[in-house]
Amino acid sequence: MIKLTRMAVPNVLRTRVEQRAARLREILRAGNDPPQALLDSYRDPELKAHLVAEAHGKCAYCESKITHVYFGDIEHIKPKSRFPAESLDPENLVLACALCNNSKGDFWEEATPLLNPYSDEPNQEMLALGYLIARRPGRNRARLTIEQLALNRQALLERRKERIELLQSLADQFMLEPPGRVKDLLRSELCRQATDEGEYAMIVRAYLEAACDLRC
């Protein structure tokens with residue numbers, strides 16, 4: 001998990017979303033059941049495209065590049081089953097893979113919520129140890145997040161391992177290359193692999209720092 005930043009929602013989309021949210025709150029205040037079409041309007045394709053861009057096409061939790069092979073789910077930080085009035089709020093929505101979305105389900109603890117990649121600083125709560133994601137000492141929310149979302153499930157460990165193995169030959173070249181233009185190019189390429197857009201950026205950055213003393 002890496003830090004994500006909310007992007008400004010285009011005015012036309014924001015107006016449309018706010019109108020739906022206001023209508024939903026009004027219906028709920030009146031004690032009535034909202035129409036299903038309104039409840040499902042968080043799936044608005046334009047809003048989803050906005051969330052995909054914010055998350056760089058990756059699951060906001062496990063950093064898998066889901067849009068290569070799957071549409072991706074719109075996940076509610078505060079579950080819609082427990083907080084229906086907030087179910088259409090863009091600030092409550094993230095892009096997630098099906099596995100993280102299903103693992104989270106309607107989990108919510110007011111006192112100890114799961115880490116929010118938008119409002120929290122994941123790198124202050126968790127760290128990458130090889131292919132594993134671990135909590136920093138004393139960080140109970142990180143422990144809960146890792147366990148609830150199964151961030152060290154076998155499939156993820158295998159994909160992270162593949163990601164690092166693909167970088168190793170490039171890292172070898174970088175470490176063996178004498179100072180000069182070629183080494184600078186290798187450094188740039190390694191750091192490009194560690195950008196927010198890259199899959200599993202948290203573990204890639206930790207690997208490059210440990211193996212090559214690179215802080216990209």
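The values are calculated or read from the model by the stated rules, or taken from the named source; none is laboratory data. Since this is a predicted model, take the numbers as computed values, not measurements. Heads up, the Cβs are rebuilt from the backbone with ideal geometry, glycines too, and the neighbour counts pull from every protein chain shown.
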When restricted to Leu51, Leu88, Leu95, the only residue touching a residue at least 24 places away in the same chain (Cβ under 8 Å), part of a helix (DSSP H, G or I) and among the aliphatic types (A, V, I, L, M) is Leu51
*On the given criteria, is Leu132 under 21 Å from Asp196 (Cα atoms), out of contact with any Leu (no Cβ under 8 Å at 6 or more places or on another chain) and in contact (Cβ under 8 Å) with a residue 12 or more places away in the chain?*
no
Next on the checklist: within 12 Å of the chain's Cα centre (by Cα), buried (at least 21 other Cβ atoms within 10 Å of the Cβ), of a type outside the set (D, E, K, R) and in a loop (DSSP other than H, G, I, E, B): is that true of Tyr118 in this structure?
Outcome noted: no
Picking from Ala49, Ala55, the residue that is surrounded by 22 or more Cβ atoms within 10 Å (Cβ to Cβ) and of a type in the set (Gly, Ala, Ser) would be Ala55
The lone condition Arg29 fails out of (1) in contact (Cβ under 8 Å) with a residue 60 or more places away in the chain; (2) more than 27 Å from the chain's Cα centre (by Cα) is (1)
For the stretch 135-148, does any single residue satisfy the condition of being more than 21 Å from Leu4 (Cα to Cα) and buried (at least 17 other Cβ atoms within 10 Å of the Cβ)?
no
The correct count of residues that are polar (S, T, N, Q) and modelled with pLDDT under 95 in the stretch 104-118 is 1
Using the structure shown, decide if Ala134 is outside any loop (DSSP other than H, G, I, E, B), under 25 Å from Tyr207 (Cβ atoms) and not assigned by TED's automatic domain parsing to the domain that holds Tyr200. yes
Subset of the stretch 178-216, residues over 23 Å from Leu156 (Cα atoms) and assigned to a helix (DSSP H, G or I), comes to Arg181, Val182, Lys183, Asp184, Leu185, Leu186, Arg187, Ser188, Glu189, Cys212
